[in-house]
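Notes follow once the structure below has been shown.
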Amino acid sequence: MRAIQVTEFGGPEVLVSTDVPEPVPGPGEAVVQVSYADIIFLDTTLRGGAGQEYFPLRPPYVPGGAIAGTVAAVGAGVDPGLIGRSVASRTKNWGGYAEKALVDAAILVEVPVGLDERDAASLLHDGLTAYALREKVGIHEGETVLVVAAAGGLGILLVQLARNAGAHVIGAARGAAKLEMVTKWGAGAAVDYSEPGWTDHLDQPAVVFDGAGGPLGQAAFEIVAAGGRFSAHGTPAGSFTAADPERARERNITLTGIAEAQVTAAEAVRFTKRALADAAAGLITPVVGQVYALDDVAQAHRALQERTNVGKVLLRI
């Protein structure tokens, strides 16, 4: 079957289309015929060789941690009635950039009526994370919520969840097109964080969802209201925001780092089901900005690294 392999650590050019053996499901596993694979910024980081202390991937490997498609085969102990059903799932040991992918059958989520597989794939990482952050950080009616990197797949969902909760939402992004999208999907105000002093005239937010990191996240941390909450879960600006714990204690700010944002397998299924159900019901709308063909995956990685993407980026198999 066709798949994309990372042949060595490096730039997008190391993503190579090749033939690999089809996966065979073992006990408790299923094989999914992939229609769409999710692409996230982490994929580009791992491809470059970073994060090896947390993700023991070594070339050659097939990237991609989440897919949507149709169950093609199941292993022992798995309901054969799943074969032919439309599902979405995290993958097992990566392998999502391929015509078929191996998954743990226990975490398969059926795609609900009213939602297509493209949108389901777009919610597997970002939908799960958005709903997990909403629960762990909290969003309350009347609060001011600042979403940094608001025009990405996760940011757009957080804007919508905060709007639905009755919060006053400020979206921070780069450039006119992204700012327009942020306001379209529910931000009452939008600010360009590429402008010097971009935080100078903002209301002090009770909550910051920082999907950018680096100096952008640090600037956002500095304006959190006393008693507020700050979530640092993104690295496109270079690193997770290193908020000063002592300064946070002085201002009674609750910090949620990437470790606190992790979920159990059961939570992952629960949050994913909720995101897919809400999307099917029209309560949230995943914004898919770019869909790339399998052979164009290098372009997709470049768009993420150069931060030219608006909304979610997917790979069509």
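The values are calculated or read from the model by the stated rules, or taken from the named source; none is laboratory data. Computed from a prediction, not measured in an experiment: that's the story for all the values here. Here Cβ is always computed from backbone atoms with ideal geometry, including for glycine, and neighbour counts include all displayed protein chains.
Do any strands (runs of 3 or more DSSP E) entirely within the range 246-317 hold 3 or more residues that are among the hydrophobic types (A, V, I, L, M, F, W, C), and if so, which?
The strands (runs of 3 or more DSSP E) meeting that bar are 288-293, 312-316.
Would you kindly identify the strands (runs of 3 or more DSSP E) lying entirely within the range 78-185 that contain at least 1 residues that are among the charged types (D, E, K, R)?
So the answer is 86-90, 100-104.
Return the pairs, sorted by first residue and then second, in which the second residue is surrounded by 14 or more Cβ atoms within 10 Å (Cβ to Cβ) and at pLDDT 95 or above, the first residue lies in the range 239-263 and is within 19 Å of Leu128 (Cα to Cα) and among the hydrophobic types (A, V, I, L, M, F, W, C), the beta carbons are less than 6 Å apart, and the residues are 6+ apart or on different chains.
Within 6 Å, the pairs are Val263/Ala132.
Would the range 65-75 turn up any residue that is assigned to a loop (DSSP other than H, G, I, E, B) and more than 17 Å from the chain's Cα centre (by Cα)?
Yes - at least one qualifying residue is present in the range 65-75.
Here is a yes/no grid of residues against (1) farther than 19 Å from Leu255 by Cβ; (2) surrounded by 22 or more Cβ atoms within 10 Å (Cβ to Cβ):
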| position | (1), (2) |
| --- | --- |
| Gly142 | yes, no |
| Ile170 | yes, yes |
| Phe209 | no, yes |
| Ala225 | no, no |
| Ser239 | no, no |
| Ala242 | no, no |
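For the range 213-245, how many residues are in a strand (DSSP E or B) and closer than 22 Å to Arg174 by Cα?
Within the range 213-245, residues that are in a strand (DSSP E or B) and closer than 22 Å to Arg174 by Cα number 3.
Filter the range 12-47 down to residues that are surrounded by fewer than 16 Cβ atoms within 10 Å (Cβ to Cβ), among the polar types (S, T, N, Q) and either touching a Leu at 6+ places or on another chain (Cβ under 9 Å) or assigned to a loop (DSSP other than H, G, I, E, B) (or both), then give me how many there are.
So in the range 12-47, the residues surrounded by fewer than 16 Cβ atoms within 10 Å (Cβ to Cβ) come out as 13, 16-19, 21-22, 24, 26-28.
Next, from what is left, pick out any that are among the polar types (S, T, N, Q): 17-18.
Next cut, either touching a Leu at 6+ places or on another chain (Cβ under 9 Å) or assigned to a loop (DSSP other than H, G, I, E, B) (or both) only: 17.
The qualifying residues number 1.
So, of the residues in the range 48-62 that are under 18 Å from the mean Cα position of the chain (by Cα) and within 15 Å of Asn93 (Cα to Cα), which turns out to be surrounded by the fewest Cβ atoms within 10 Å (Cβ to Cβ)?
Tyr54
Of the residues Thr285, Thr256, Thr264, which single one is more than 15 Å from the chain's Cα centre (by Cα) and surrounded by fewer than 18 Cβ atoms within 10 Å (Cβ to Cβ)?
Within the list Thr285, Thr256, Thr264, the selection yields Thr264.
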